[in-house]
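These notes concern the structure reproduced below.
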Amino acid sequence: MSYEKYMLSREVEKVVLDLPYEEEEEKIEVSIRPLSWSKKNSLVSQCTNYGSDGKVAFDGQTYINEVLKYIITEAPWGATSDMFLAKVNLKLGGALEKLVPSATDSDVAEAAENLV
């Protein structure tokens with residue numbers, strides 16, 4: 001068994017976002033790079049806060065924003081920044097959110113099953 005199939009490639013992937021716009025559908029193409037296991041864990045850790053009372057809080061919005069800023073390498077709007085993301089409407093935001101992997105590991109088991 002070879003481990004290479006579990007390694008990420010450095011290739012950028014073109015993704016087309018389908019957005020409903022009035023009576024038509026608009027397509028926006030963006031380029032995304034893969035998110036490694038290590039980078040995902042780093043972002044999850046950055047977005048997890050531990051309170052003095054022992055409670056744990058996860059900042060999902062920050063996680064989504066940080067992942068999008070990392071994975072989107074090319075887009076019609078230029079750099080994907082916090083300023084840009086703050087201005088995005090619900091339609092584009094929903095399409096972008098689909099690019100973000102779950103912060104939990106529940107989807108990892110499913111993806112691993114698909115590799116076999």
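The values are calculated or read from the model by the stated rules, or taken from the named source; none is laboratory data. Since we're looking at a predicted model, the values are computed, not measured. These area figures cover heavy atoms from the full protein model, side chains too; ligands, DNA and RNA do not enter into them. Shrake-Rupley method; radii C 1.70, N 1.55, O 1.52, S 1.80 Å.
Express the carbon and sulfur contribution to the solvent-accessible surface of the range 1-105 as a percent, rounded to the nearest whole number, probe 1.4 angstrom. Write out the running numbers ahead of the final one.
Working: 3950 of 7660 Å².
Carbon and sulfur atoms account for 52 percent of the accessible area of the range 1-105.
Take the chain with all the other protein chains still there, run a 1.4 Å probe, and you get 74 Å² of accessible area per residue.
For Cα extents along the principal axes in Å, the candidate list reads (1) 53, 39, 26; (2) 56, 40, 23; (3) 46, 46, 24; the entry that matches the value derived from this model is (3).
Among the listed pairs Lys55/Lys98; Lys5/Lys27; Lys27/Lys69, which have their C-alpha atoms separated by more than 22 angstrom in this model? Show your work: numbers first, answer last.
Numbers: Lys55/Lys98 28 Å; Lys5/Lys27 31 Å; Lys27/Lys69 20 Å.
With Cα atoms farther than 22 Å apart: Lys55/Lys98; Lys5/Lys27.
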